[in-house]
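Peer 1: Dumping the structure here so I can ask a few things about it.
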Amino acid sequence: MDVNEIIKPENLVYRKPTLLNDNTMHYCPGCSHGVVHKLVAEIIEEMGMMENTIAVSPVGCAVFAYNYVDVDWIQAAHGRAPAVATAAKRLNPHKLVFTYQGDGDLAAIGTAETVHACNRGENITIIFINNGIYGMTGGQMAPTTLEGMVTVTCPYGRKPELNGYPLHIGELLAKLKGTCYVTRQSVHTAAAIRKCKKAIMQGFENSMNKKGTSVIEIVSTCNTGWKMSPDKANVWMTENMFAEYPMGDLKNE
Amino acid sequence: MAKIKGAITVNAERCKGCNLCVVACPSDVLALQPQKVNQKGYNYAYMANPDNCIGCASCGIVCPDGCIEVYKVKL
Ligand SMILES: Cc1ncc(C[n+]2csc(CCOP(=O)(O)OP(=O)(O)O)c2C)c(N)n1
Ligand code: SF4
Ligand code: SF4
Ligand code: SF4
Ligand SMILES: [Mg+2]
């Protein structure tokens with residue numbers, strides 16, 4: 001059968017959501033951020049919330065997220081996204097409000113805002129891209145960087161006696177009474193992406209049902225910062241990142 | 001028994017040649033262009049073995065840049 005007989009509108013089974021617009025994303029080839037943007041757009045479309053969403057972008061590689069997913073965005077100062085989202089949600093309780101943050105943004109400069117928004121149980125969803133590194137600024141060590149992992153600011157590998165231990169912010173946030181759902185996901189295979197989609201959707205639904213704060217941690221790759229090809233980075237992630245940050249729900253109430 | 005056949009399209013100008021779709025395909029359908037590049041200089045993905053495609057959409061789902069459309073027919 002000729003491919004042209006298959007490639008017809010009535011046979012379409014998958015395409016990117018239209019809410020993810022046609023602007024070329026600035027991300028490096030193979031970056032996990034793109035996959036998560038696509039998922040977020042898909043979910044908002046399926047929930048019919050295109051006109052009723054306020055998203056908050058971070059400082060980090062995802063700073064320009066507002067150029068790609070066509071909902072209303074606020075771009076927060078570094079680490080302040082959960083504080084900004086708190087205001088957005090309290091003033092617009094009927095809107096879907098979420099933050100989209102990297103590990104440097106959420107678990108370093110923005111730790112206070114993250115912890116307190118979760119402790120207050122704000123009705124928001126926090127999408128947390130944990131790639132174990134500061135991607136945007138050239139690959140410096142983050143609180144989440146693995147022991148022994150090489151970055152430009154720990155060229156001999158992270159040493160706990162000098163740099164402390166990888167910060168398990170998901171486990172910390174799960175302990176707080178304000179969080180209702182804390183889960184750790186990934187987007188490196190089609191199956192993992194389908195699971196992650198369900199998790200983000202549950203987070204969004206929790207926030208609309210006023211259940212408190214949901215945190216969706218997505219263990220991700222930064223192939224440029226890790227200095228690997230995108231497919232090698234996925235393998236390295238499953239072998240190293242997953243050992244430190246195991247997949248699955250940390251809290252689901 | 002109903003047979004399933006699939007086919008995909010790649011938005012070659014949007015593709016960044018990351019190879020993730022090639023790795024994700026269970027039927028060894030995809031490859032990166034060995035010679036040809038798009039305007040950004042990337043060796044873009046294409047169906048090297050179109051007859052093998054089963055329309056499972058794995059390639060489309062993993063593509064970070066949303067370049068792939070997947071089509072499927074039951075014969
Ligand atoms: C107040 C302030 N301090 C530091 C920076 C520099 N800076 C920009 S992005 C970034 C870290 C980003 O890392 P992460 O949040 O993990 O995002 P990624 O790029 O890895 O997705 C830093 C330290 C800044 N822009 N503003
Ligand atoms: S630097 Fe890392 S996180 Fe940033 S776009 Fe490139 S691969 Fe993605
Ligand atoms: S639809 Fe499935 S079989 Fe066809 S190219 Fe994509 S991954 Fe391969
Ligand atoms: S996954 Fe997407 S961007 Fe990467 S090579 Fe395939 S079509 Fe191109
Ligand atoms: Mg990071």
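Peer 1: So which trypsin sites (Lys or Arg not before Pro) in region A:180-218 pass both tests, a DSSP loop state and at most 12 other Cβ atoms within 10 Å of the Cβ?
Peer 2: A:Lys210
Peer 1: Still on this structure: If you count the DSSP beta bridges with both ends in the protein assembly as shown, what percent of them are antiparallel, to the nearest 5?
Peer 2: Among the beta bridges of the protein assembly as shown, antiparallel pairing accounts for roughly 45 percent.
Peer 1: I would also like to ask the following. A plus B alone minus the pair: what accessible area, both sides summed, probe 1.4 Å, in Å² to 100?
Peer 2: 2600
Peer 1: Of the listed pairs A:Lys16/A:Lys251; A:Lys38/B:Lys36; A:Lys16/B:Lys74; A:Lys175/A:Lys232; A:Lys177/A:Lys198, which have alpha-carbon separations greater than 29 Å here?
Peer 2: Going by Cα-Cα distance, A:Lys16/A:Lys251; A:Lys175/A:Lys232 fall outside the 29 Å limit.
Peer 1: Which one, A:Gly79, A:Gly203, A:Gly157, has the greatest fluctuation when you compute a Gaussian network model over chain A with C-alpha springs under 10 angstrom?
Peer 2: A:Gly157
Peer 1: Roughly what would the spin-label model give for A:Ala112 and A:Thr18, points 7 Å off Cα along C-beta, in nm?
Peer 2: Distance between the two pseudo-spin positions: 4.5 nm.
Peer 1: Something else now. Thinking of the protein assembly as shown as a set of Cα atoms, what percent of all their pairs are more than 33 Å apart?
Peer 2: Result: 26 percent of Cα pairs exceed 33 Å.
Peer 1: Taking each residue in B:68-74, count the Cβ atoms of any other chain within 10 Å of its Cβ, then average. What number comes out?
Peer 2: 6
Peer 1: If you don't mind, there's one more thing I want to ask. How far is the Cα center of region A:62-96 from the Cα center of region B:3-75, in Å?
Peer 2: One Cα centre to the other: 34 Å.
Peer 1: Among A:Asn131, A:Asn21, A:Asn11, whose mean-square fluctuation peaks in a Gaussian network model of chain A (Cα, cutoff 10 Å)?
Peer 2: Between A:Asn131, A:Asn21, A:Asn11, it is A:Asn11 that shows the largest mean-square fluctuation.
Peer 1: Okay, moving on. Could you pull the Cα extents of region B:4-74 along its three principal axes, largest to smallest, in whole Å?
Peer 2: So the three principal-axis extents are 37, 21, 17 Å.
Peer 1: Right, something else. 7 Å from Cα along Cα→Cβ at both A:Val152 and A:Val235: what's the point-to-point distance in nm?
Peer 2: Simple spin-label model gives 2.7 nm for this pair.
Peer 1: Shape of region A:1-68 from its Cα gyration tensor (a ≥ b ≥ c, root eigenvalues): rounded if a/c is under 1.5, otherwise prolate when a/b > b/c, or oblate?
Peer 2: oblate
Peer 1: On average, how much accessible surface per residue is there in chain A, in Å², for a 1.4 Å probe, leaving out ligands, DNA and RNA?
Peer 2: Per-residue value: 41 Å².
Peer 1: Which loop-located GluC sites (Glu not before Pro) does region A:1-102 contain, where loop means any DSSP state but H, G, I, E or B and the Cβ has at most 14 other Cβ atoms within 10 Å?
Peer 2: Within region A:1-102, the qualifying GluC sites (Glu not before Pro) (loop, at most 14 other Cβ atoms within 10 Å) are A:Glu51.
Peer 1: Work out the mean other chain Cβ neighbour count within 10 Å for the residues of A:25-31 and drop it here as an integer.
Peer 2: Counting other chains' Cβ atoms within 10 Å and averaging over A:25-31 gives 5.
Peer 1: Would you mind working out the accessible area per residue for region B:4-74, using a 1.4 Å probe, and quoting it in Å²?
Peer 2: Roughly 43 Å² per residue, with all protein chains present.
Peer 1: Averaged over B:54-62, how many beta carbons belonging to a partner chain fall within 10 Å of each residue's beta carbon?
Peer 2: 5
Peer 1: Within region B:5-72, which trypsin sites (Lys or Arg not before Pro) sit in a loop by DSSP and count at most 15 neighbouring Cβ atoms inside 10 Å?
Peer 2: When the trypsin sites (Lys or Arg not before Pro) of region B:5-72 are filtered for loop state and at most 15 Cβ neighbours within 10 Å, B:Lys36, B:Lys40 remain.
The values are calculated or read from the model by the stated rules, or taken from the named source; none is laboratory data. Just so it is clear, the structure is predicted and the values come from calculations on it, not from any experiment. A quick note on method: Cβ atoms are made from the backbone with ideal geometry, for glycine too, and the neighbour counts reach across all protein chains shown. Please note that ligands, DNA and RNA were not included when accessible areas were found on the heavy atoms of the full protein model with its side chains. Shrake-Rupley method; radii C 1.70, N 1.55, O 1.52, S 1.80 Å.
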